[in-house]
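Okay, structure first, notes after.
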Amino acid sequence: MSDSLTEYKILVSHIGGPSYSVPAINQDIEMSKSLVSESYHEFLQNFGYTIFRNASFQIVNPSKFNKVISQIFRKDRQFLVHEMCVIGMSAFGDLLIYQKDFGLIDVVFAQHWISSKEFSGAIGDEIDARIRTAIFTGVEEPDNYDEAGKPLFERCLARLGNLKPG
């Protein structure tokens with residue numbers, strides 16, 4: 001077991017999850033191994049597609065997002081979709097993606113922006129730290145806000161019910 005997987009397990013025990021988990025399919029486990037990091041690969045094997053606490057952030061099946069990311073990046077010559085792996089999704093549909101040349105990419109649909117803070121050379125430990133931060137932050141601060149500045153997450157859960165993976 002890698003040090004980063006140990007850190008994932010500590011995080012999972014600290015935040016009390018997962019509250020819902022579906023085993024990862026072999027195709028996604030292999031894709032994660034070739035595109036992301038060894039410890040994230042181990043994470044998928046151990047925890048699968050998971051939801052923590054109230055589903056503010058979840059680890060998703062990247063195969064289900066291939067058509068979505070193909071549409072988002074269809075005219076972009078730098079972001080190569082075949083080298084991307086969708087890691088997770090917020091409750092409001094924002095995506096966390098890993099791509100070999102650009103590292104971790106945030107796609108925030110409500111604000112119509114794509115952001116990447118790293119460029120090629122991001123190593124496994126940095127990637128894993130960012131993924132753990134996304135999981136923890138998503139669990140702690142899940143909200144988007146309406147026009148009046150009032151939080152939406154709890155109201156959405158009350159109206160629509162609990163979220164499931166994907």
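The values are calculated or read from the model by the stated rules, or taken from the named source; none is laboratory data. Treat the numbers as computed from the prediction; the structure is a model and nothing was measured. Here the Cβ is made from the backbone with ideal geometry for all residues, glycine too, and neighbour counts use every protein chain on show. These accessible areas exclude ligands, DNA and RNA; they are computed on the full protein's heavy atoms, side chains included. Shrake-Rupley method; radii C 1.70, N 1.55, O 1.52, S 1.80 Å.
Phi angles of segment 95-100 translate, via the Karplus equation with coefficients 6.51, -1.76, 1.60 and θ = phi - 60°, into HN-Hα couplings of 10, 10, 10, 10, 9, 3 Hz per residue; Gly and Pro are given as x.
Packing order of peptides 145-156, 100-111, 58-69, highest average first: 58-69, 100-111, 145-156 (average count of other Cβ atoms within 10 Å over each peptide's residues). Students often forget the sequence filter, so: which lysines lie under 22 Å Cα-Cα from LYS9 once same-chain residues fewer than 8 apart are removed? Cross-link targets: LYS33, LYS164.
Contact order, relative form, for segment 13-58: 52 percent (alpha carbon pairs under 8 Å, 6 or more residues apart, mean separation divided by residue count).
Under 5 Å between amide hydrogens, built in the peptide plane, is the criterion, and for TYR20 it picks out ILE51 among residues at least 5 positions away or on other chains.
Treating r as the C-beta distance of ASP76 and LEU152 and R0 as 22 Å, the FRET efficiency rounds to 0.15. Counted residue by residue at 0.36 nm each, then reduced by the alpha carbon distance between them, the extension gain from ASN46 to LYS64 reaches 4.5 nm. Couplings for segment 74-88, taken from phi via the Karplus curve 6.51 cos²θ - 1.76 cosθ + 1.60 with θ = phi - 60°, read 4, 9, 8, 8, 8, 7, 8, 4, 5, 10, 10, 9, 6, 8, x Hz in order; Gly and Pro are left as x.
For segment 1-113, with all protein chains present and a 1.4 Å probe, just round the carbon and sulfur fraction of the accessible area to a whole percent. Of all accessible area on segment 1-113, carbon and sulfur atoms account for 51 percent.
Between LYS164 and HIS112, the contour length at 0.36 nm per residue exceeds the alpha carbon distance by 16.2 nm. Histogrammed with a bin width of 5 Å, the alpha carbon distances of segment 1-100 distribute as 3, 13, 22, 25, 20, 10, 5, 2, 0 percent, first bin at zero.
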